[in-house]
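Presented below is the structure to which this report refers.
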Amino acid sequence: MTTSNDPVITSYALAPTRTVTTAGATYAYRELGPRGGIPVVLFVHLAANLDNWDPRIVDPIARNRHVIAFDQRGVGRSTGKVARTIEEAADHAHEFIAALGFETVDILSFSMGGFIAQDLVLEHPGLVRRLVLTGTGPRGGKDIDKVVGTTYRDILRATLTRSDPKEFLFFNRDTAGKAAAKAFIARLQERTTDRDRPVGVTTLRTQLKAIQKYGRSAPSDLSAITQPTLIANGDHDRMVPSALSEDLHRRITGSRLVIYPDSGHGGIFQFHEEFAPVVADFLAG
């Protein structure tokens with residue numbers, strides 16, 4: 001970990017990649033922002049590595065908070081086998097956090113990361129102080145299991161048009177959505193050195209099976225989540241239906257819900273200028 005004498009990095013594009021080894025696996029991670037206090041740990045989406053976080057959301061948080069992003073087991077530069085279930089991924093996330101020595105964290109999660117974060121909070125309620133769930137839904141949520149078909153169809157569409165699949169999966173295909181998609185993909189390329197290892201097809205398939213099982217599982221008792229919780233999404237999420245964000249809001253007492261208009265699964269990225277100060281303020285509470 002970084003010592004107090006090291007310069008404070010507040011740009012995700014410049015955050016060095018570090019590793020920590022525990023329980024037979026080596027986890028790759030990046031950290032930025034001032035050290036001290038409760039860190040904000042980022043839980044990323046399906047088939048994503050360290051390079052998939054939007055710097056326009058991470059950097060504003062890192063101005064005042066210690067932020068940590070990590071690769072799940074078997075993803076990017078992390079070793080070990082990819083989790084076959086969301087429960088197992090939550091166990092791995094807990095393992096990683098414990099390896100860094102933190103007893104309390106805040107969590108910012110997106111999509112599959114939100115599934116993992118919910119399981120982690122329910123299993124280790126004392127670990128998490130504040131929770132952010134974006135573009136995500138509850139265990140057993142209606143149509144979550146259909147993400148498999150949606151993902152494969154949009155990967156095909158992206159292949160045929162030589163585009164990034166996230167342009168189809170995360171954004172509406174209208175004028176505003178297409179522009180937001182191009183801008184988002186460009187931001188992910190701002191880091192030019194020390195990039196992460198690409199995520200392979202085997203990892204994608206394993207994670208999709210885990211999501212499908214999560215979607216077909218019995219619901220969790222979300223009334224057990226008592227942490228302050230911020231929920232956000234676009235109003236036309238094709239991957240994890242927007243109605244499921246409203247479902248989370250109803251079931252997590254005292255939660256706050258933000259829905260961005262005319263946007264999809266990546267609504268927080270399309271409306272990053274609005275979302276970044278909201279989430280930074282929430283996490284500072």
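Nothing in this text is a laboratory measurement; each read-out follows from the coordinates by a stated rule. Just so it is clear, the structure is predicted and the values come from calculations on it, not from any experiment. Neighbour counts are summed over all protein chains in view; Cβ atoms, including those assigned to glycine, are modelled from backbone coordinates with ideal geometry.
Summary of computed values
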item	result
Gyration tensor (alpha-carbon) shape descriptor, region 114-237, a/c threshold 1.5	prolate
Gain upon complete extension [THR159, GLU123; 0.36 nm per residue less C-alpha separation]	9.0 nm
Globularity index of region 1-143, i.e. its alpha-carbon radius of gyration over 2.2 N^0.38 Å	0.98
Integer Hz, Karplus 6.51/-1.76/1.60 couplings in order for region 79-90, x for Gly and Pro	8, x, 8, 4, 4, 8, 9, 5, 4, 5, 5, 5
Residue-averaged 222 nm ellipticity for the chain, from DSSP H runs of 4+ at -39500 (n - 2.57), nearest 500	-11500 deg cm²/dmol
In region 12-283, lysine pairs with alpha-carbon atoms under 20 angstrom apart (chain gap of 8 or more, or interchain)	10
Label assignment, semi-axes √(5λ) of the Cα gyration tensor in Å derived from the structure, set (i) 25, 22, 20; (ii) 33, 22, 16; (iii) 30, 23, 18	(i)
Length gained when the stretch THR26-ASP194 is fully extended (0.36 nm per residue, less Cα-Cα span)	58.8 nm
Antiparallel bridges, percent of DSSP beta bridges restricted to region 2-67 (to nearest 5)	90 percent
Dimensionless Rg ratio for region 195-257, taking C-alpha atoms and the 2.2 N^0.38 Å reference	1.41
From phi via Karplus (6.51, -1.76, 1.60), per-residue ³J(HN,Hα) for region 117-129 in Hz, x at Gly/Pro	4, 4, 4, 5, 4, 5, 7, 10, x, x, 7, 9, 8
Fraction of antiparallel bridges per DSSP, region 12-283 only, in percent to nearest 5	30 percent
Estimated FRET transfer efficiency (THR175, VAL278; beta-carbon r; R0 30 Å; 0.05)	0.75
Karplus-derived HN-Hα couplings along region 195-205 (A = 6.51, B = -1.76, C = 1.60, θ = phi - 60°), whole Hz, x at Gly and Pro	7, 7, 6, x, 8, x, 5, 4, 4, 4, 5
